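One structure below.
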Amino acid sequence: LVVFDEASQIPTHDAVGVLARGKSALIVGDSKQLPPTAFFQSIEGEEEATEPEFEELESILDQCLAGGVPERRLDWHYRSRHESLIAFSNFHYYKNRLNTFPSAAGPGAGRGVTLRPVAGFYDKGASATNRAEAEAVVADLVSRLEAPDAKHHTYGVVTFSVAQQELVEDLLDRVRADHPAIESFFDKATNTEPVIVKNLENIQGDERDVIFLSITYAKGIDGRLRYNFGPLNGENGWRRLNVIATRARRMMRVFSSIRGDDISLAAVTSHGPR
């Protein structure tokens with residue numbers, strides 16, 4: 001028996017040789033999550049900092065679905081301990097098909113999705129980051145790690161870009177030097193789920209009790225929104241949004257310098273930004 005997990009991220013050419021070595025196969029994955037992605041360096045000499053270029057490939061899951069391999073769907077969602085953590089994806093991507101386990105506790109009990117507005121801007125030209133958001137995320141994370149009940153939960157930070165992830169990591173490294181009491185949360189040797197800092201391209205497969213999400217993209221310092229949302233603008237940007245919005249078990253803290261009504265639907269064409 002050959003078993004593939006996270007099959008939506010396994011390129012067909014990597015899978016066929018393994019499949020040939022089994023008598024039967026179980027291919028597990030979600031076609032509404034990330035496809036296999038091959039990254040490569042941008043052309044040297046560009047004036048602005050940009051996200052890495054990438055090419056999306058066909059997955060073994062896509063090929064099996066297209067080929068009519070017998071299919072069975074899971075209609076329950078195990079991760080979310082509060083309805084709001086899966087409600088967005090359930091409505092937009094799963095046609096409200098997913099059943100969740102009900103919880104009597106509301107967001108005030110430390111569960112669900114909460115918004116933290118940040119007065120920041122997206123520095124598109126120089127660093128491709130939102131520094132105010134990164135600083136707010138790190139400050140909130142450190143505050144929670146220092147709380148008396150912090151050890152009962154696990155924590156992760158997710159950003160909408162690679163550049164923002166690296167900025168959060170840099171800021172967090174500096175803060176950790178001044179807060180030795182939180183160091184144990186980052187120790188991979190003693191924690192099965194240490195604090196993670198990832199971006200929308202590499203967070204699939206991870207989950208934590210509490211997720212700090214940095215939207216990253218915002219208006220520039222001149223007050224203009226340029227609708228450059230990185231990989232979200234691509235054909236499968238909505239799949240990235242689905243992944244990044246569903247990583248939390250108990251609570252997701254969303255840090256954003258823009259609101260939904262800042263985005264004109266007339267100015268976007270792809271499904272991700274909409």
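The values are calculated or read from the model by the stated rules, or taken from the named source; none is laboratory data. Note that this is a predicted model, so its numbers are computed, not measured. Note that we place each Cβ from the backbone using ideal geometry, even for glycine, and neighbour counts take in every protein chain shown. Just the protein is used for accessible areas: all its heavy atoms, side chains included, with ligands, DNA and RNA removed. Shrake-Rupley method; radii C 1.70, N 1.55, O 1.52, S 1.80 Å.
In the full protein context, the chain carries 54 Å² of accessible surface per residue, based on a 1.4 Å probe and ignoring ligands, DNA and RNA. Over the chain, the Kirkwood radius and the radius of gyration, each from Cα atoms, give a ratio Rg/Rh of 0.97.
Here the stretch 136-274 is assigned +1 on the Cβ of each Lys and Arg and -1 on the Cβ of each Asp and Glu. Its dipole about the Cα centre then comes out at about 480 debye. Pairs exceeding 32 Å between alpha-carbon atoms, taken from Lys95/Lys198; Lys124/Lys151; Lys32/Lys124; Lys95/Lys124: Lys124/Lys151; Lys95/Lys124.
Divide by every residue of the chain the summed helix terms, -39500 (n - 2.57) for each DSSP H run of at least 4, and state the resulting mean residue ellipticity at 222 nm, rounded to the nearest 500 deg cm²/dmol.
Here the helix-only value at 222 nm equals -7000 deg cm²/dmol.
Here the gap between Asp187 and Thr114, fully extended at 0.36 nm per residue and compared with their Cα-Cα distance, gives a gain of 23.5 nm. A simple packing score, the average count of other Cβ atoms within 10 Å per residue, orders the peptides 210-219, 141-150 as 210-219, 141-150, with the highest score first. The relative contact order of the stretch 72-157 comes to 20 percent, based on Cα pairs under 8 Å that sit 6 or more residues apart.
Could you please state how large a percent of the accessible area of the chain is carbon and sulfur, counting protein chains only and using a 1.4 Å probe?
51
Of the three principal axes defined by the Cα atoms of the stretch 67-152, the extents in descending order read 49, 40, 20 Å.
Quick one: Kirkwood hydrodynamic radius for the stretch 124-274, alpha-carbon pairs, angstrom, one decimal?
Hydrodynamic radius (Kirkwood, Cα pairs) of the stretch 124-274 is 16.1 Å.
The peptide list 153-166, 87-100, put in order of mean Cβ contacts within 10 Å with the highest first, becomes 153-166, 87-100.
If R0 is taken as 22 Å, the Cβ-Cβ distance between Lys219 and Ala139 corresponds to a FRET efficiency of 0.50.
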